[in-house]
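Trainee: Pasting a structure here, questions to come.
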Amino acid sequence: MTTEPLSRARIVTAAIDLIEREGADAVSMRRIAAELGVGVMSLYNHVPNKDALLNGVAETVLSEIEFTDDPDADWPDRVRTQARAFRQIAHHYPRCTMLVVSRQLSSAAGLLPVERALATLRSAGFDGPDAVRVVRLFIAFIVGSLLREVGVTPTFAPVHHRHLAGAEAVDPALFPEVSALAPLLGACDHEAEFEFGVELLIQAITVLQAHKEGTRRGSER
């Protein structure tokens with residue numbers, strides 16, 4: 001039993017520890033009180049309800065992202081750095097990260113990563129609609145990659161480099177490509193896959209930006 005005073009920070013930390021052990025579904029005010037060895041009603045002096053507690057978990061995780069990108073660097077390098085920073089925090093809190101991406105946060109901690117991403121793109125010359133679309137595209141890619149990495153999405157997403165389930169039983173006459181590429185489908189270097197995806201997106205967005213700039217210049221002639 002600890003003598004440390006009960007606080008919002010202690011409650012949120014207990015929730016993070018519980019989520020990483022058992023998942024977000026395990027969280028309840030009663031369970032957190034038991035984890036801390038306090039009465040459940042004492043939690044409400046610091047956290048009004050479970051929803052606020054889960055928001056606190058998401059905000060705490062986001063606040064630990066280390067943004068070290070150089071504001072004077074080219075936008076592709078800044079995008080790479082920001083994407084890697086989010087992936088790195090997901091390695092520390094894989095289950096909490098799934099909670100982060102499922103919640104709408106309006107706090108400073110929740111908005112800061114989006115603000116940095118939008119500012120990077122706007123300073124690179126993207127207009128408002130394109131900047132928002134690009135941010136959403138990267139979020140979708142990063143979330144999908146993380147889901148695969150933590151083993152939530154099983155299709156062609158092996159965990160611990162297991163071979164594709166049932167690959168040996170695939171009929172090569174019906175599925176020649178799946179059969180031939182089964183070893184590749186059944187193994188995954190998550191970091192290499194992530195970097196490949198980020199580079200592919202950056203190249204595609206660079207082409208889009210160049211095309212729009214060419215169109216704009218053509219209309220001004």
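Trainee: Using the Karplus equation 6.51 cos²θ - 1.76 cosθ + 1.60 (θ = phi - 60°), what ³J(HN,Hα) coupling, rounded to whole Hz, does each residue of the stretch 136-141 give in order, writing x for Gly and Pro?
Mentor: 5, 5, 5, 4, 4, 5
Trainee: Using a probe radius of 1.4 Å on heavy atoms only, what accessible surface per residue do you get for the chain? Whole Å² is fine.
Mentor: Details: 13130 Å² over 221 residues.
Accessible surface, normalised per residue, equals 59 Å².
Trainee: Accessible area of the stretch 1-136 with a 1.4 Å probe: how many percent of it is carbon plus sulfur? Could you put the intermediate results ahead of the total?
Mentor: Numbers: 3610 of 7350 Å².
On the stretch 1-136, the fraction of accessible area on carbon and sulfur atoms equals 49 percent.
Trainee: Working from the pairwise distances between different alpha carbons, so that the mean of 1/r is found and then inverted, what is the stretch 79-119's Kirkwood radius in Å?
Mentor: Numbers: mean 1/r = 0.0917 Å⁻¹.
Evaluated on the stretch 79-119, it is 10.9 Å.
Trainee: Starting from a Cα-only point model with no solvent, please compute log10 I(q)/I(0) by Debye for the chain at q = 0.07, 0.08, 0.16 1/Å.
Mentor: Taking Cα atoms of the chain as identical point scatterers yields -0.33, -0.42, -1.10.
Trainee: Same structure, new question: Apply the Karplus curve 6.51 cos²θ - 1.76 cosθ + 1.60, θ = phi - 60°, to the phi angles in the stretch 179-187 and return the couplings in whole Hz, x for Gly and Pro.
Mentor: Going residue by residue, I get 5, 5, 9, 3, x, 6, 5, x, 10 Hz, with x marking Gly and Pro.
Trainee: Going 7 Å from the Cα of His46 along its beta-carbon direction, which residues of the stretch 71-102 have the amide nitrogen within less than 12 Å of the resulting point?
Mentor: Hits in the stretch 71-102 for His46 at 12 Å: none.
Trainee: For the chain, what is the calculated [θ] at 222 nm in deg cm²/dmol (nearest 500), taking -39500 (n - 2.57) for each run of four or more DSSP H residues and dividing by its residue count?
Mentor: Working: 11 runs with 144 residues, N = 221.
Only helices count here, giving -20500 deg cm²/dmol.
Trainee: By how many degrees, between 0 and 90 and to the nearest 10, does the Cα long axis of helix 8-22 differ from the longest principal axis of the chain?
Mentor: The angle comes out at about 60 degrees.
Trainee: Using the Karplus curve 6.51 cos²θ - 1.76 cosθ + 1.60 with θ = phi - 60°, what ³J(HN,Hα) values do you get for each residue of the stretch 97-114, in whole Hz, with x for Gly and Pro?
Mentor: The phi angles translate into 5, 4, 5, 4, 6, 9, 10, 8, 10, 10, 7, 4, 5, x, 8, 4, x, 5 Hz.
Trainee: How much net charge surrounds Arg78 when only other residues with a Cβ under 9 Å from its Cβ are counted (Lys, Arg +1; Asp, Glu -1)?
Mentor: Numbers: positive: Arg80, Arg116; negative: Asp69, Asp70, Asp74, Asp77.
Charge balance near Arg78 sits at -2.
Trainee: A further question on this structure: If you take the charge dipole of the chain about its Cα centre, with +1 on Lys and Arg Cβ and -1 on Asp and Glu Cβ, which of Ile142, Gly186, Val47 is farthest toward its positive end?
Mentor: Val47
Trainee: Let me ask another. Charges only on Cβ, +1 for Lys and Arg, -1 for Asp and Glu: so what's the dipole of the chain about the Cα centre, in debye to the nearest 20? Present the calculation step by step, with values, prior to reporting the outcome.
Mentor: Numbers: 22 positive and 29 negative charges, 149 e Å.
Once rounded to the nearest 20, the dipole reads 720 debye.
The values are calculated or read from the model by the stated rules, or taken from the named source; none is laboratory data. None of these values were measured; they are calculated from a predicted model. A quick note on method: Cβ atoms are made from the backbone with ideal geometry, for glycine too, and the neighbour counts reach across all protein chains shown. Side chains included, ligands, DNA and RNA excluded: accessible areas come from the protein's heavy atoms. Shrake-Rupley method; radii C 1.70, N 1.55, O 1.52, S 1.80 Å.
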